[in-house]
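First up is the structure itself, then whatever we jot down about it.
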Amino acid sequence: MSFEETTTIEEPDFLPQRLWDLFARPGRLMGNVGRWPRWWIAGLLIVIINGVATTWEGPILLQEYRSRPHPSALNSLISEEDFQEKLENSIGSKDSNKFASVISSGMNSWGGTLVFSLVLGFFAKMAGGKGSFSQALGIVHWAALIPYGLGTLAKLALILNTGEFARITLSPAAFLPAESVGSFFFILLDSFADVTILWGLLVVVIGFEKVFKLDRSPASLSVLMPWVLITAVMAGFRLMVGL
């Protein structure tokens, strides 16, 4: 028996390497994620990045929201004053403890990622995948660092540079005229054509192929079907409340 047959050589697996592999070699990243999901590390990064971004973006968002008319459909569910108060509380604008504000805001993004991970894990297993829910958490959390890490930081830089919130998007909607912001077509493009979200979904598909041993078609369907349904609901809510 040779040395090569008795020794397993693992790929480098520390945080900087994982972040590099996420963008340069997602297949290798997902191989390591399959062995050691470590999804809580990616989750902590999501909490920190999005918590800080939301805290800095919050005043710009609130100023824009107060200055433009809102869809009448909003008032059928909740008064505009109550909704604005909930919006202010959700971004920590009234919280004097900045650290608590960052964590609270970031937890909202992490919570959505956690739920999405479980949903996609369920669909992948229904498609015949052999992985575990812990591995699904790892796949989705590490892939989510593309939209919720790179995408969030890119948007934050643009928002702080322009002083605008609603117009900032990483989708083709950025090329629409200013008066289209908040329209059905703008929200449709922003929701379904954000390049960082689509990139992240592709990495999730790669993860389910490598870790759950799914072929490309079932892996893609197990990711795209729930994403389209969830995104459609969220886009409808945005259109209703004018966000």
Might you let me know whether the range 217-226 holds any residue that is more than 14 Å from the chain's Cα centre (by Cα), farther than 24 Å from residue 136 by Cα and of a type outside the set (Phe, Trp, Tyr)? no
Residue that is within 22 Å of residue 113 (Cα to Cα) and among the aromatic types (Phe, Trp, Tyr), where the choices are 175, 165, 192, 185: 192
Which one is farthest from residue 47 (Cα to Cα) among residues in the range 138-174 that are touching a residue at least 60 places away in the same chain (Cβ under 8 Å) and β-branched (Val, Ile, Thr)? 159
Please go through the range 201-227 and pick out each residue that is of a type in the set (Asp, Glu) and assigned to a helix (DSSP H, G or I). 209
In this structure, is residue 211 at pLDDT 95 or above and either crowded, with 20+ Cβ neighbours inside 10 Å or within 22 Å of residue 162 (Cα to Cα) (or both)? yes
Within the range 190-200, can you find the residues that are in contact (Cβ under 8 Å) with a residue 12 or more places away in the chain, surrounded by fewer than 19 Cβ atoms within 10 Å (Cβ to Cβ) and either aliphatic (A, V, I, L, M) or in a loop (DSSP other than H, G, I, E, B) (or both)? 193, 195
Top-ranked residue in the range 135-183 [being in a loop (DSSP other than H, G, I, E, B) and among the hydroxyl-bearing types (Ser, Thr, Tyr); ranked as modelled with the lowest pLDDT]: 183
Going by the conditions given, is residue 187 buried (at least 19 other Cβ atoms within 10 Å of the Cβ), free of Cβ contacts under 8 Å to residues at least 60 places away in the same chain and in contact with a Lys or Arg (Cβ under 7 Å, 6 or more places away or on another chain)? yes
Complete set of residues in the range 99-134 that are outside any helix (DSSP H, G or I) and surrounded by 21 or more Cβ atoms within 10 Å (Cβ to Cβ): 129, 131
Only helices (runs of 4 or more DSSP H) wholly contained in the range 10-93 count here; list those with 1 or more residues that are at pLDDT 70 or above, in contact with an Asp or Glu (Cβ under 9 Å, 6 or more places away or on another chain) and surrounded by 13 or more Cβ atoms within 10 Å (Cβ to Cβ). 15-24, 26-35, 39-67
So, of the residues in the range 146-198 that are farther than 29 Å from residue 19 by Cα and of a type in the set (S, T, N, Q), which turns out to be nearest to the chain's Cα centre (by Cα)? 183
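The values are calculated or read from the model by the stated rules, or taken from the named source; none is laboratory data. Since the model is a prediction, treat every value here as computed from it, not as a measurement. All Cβ positions, even for glycine, are placed from backbone atoms using ideal geometry, and neighbour counts span all protein chains on display.
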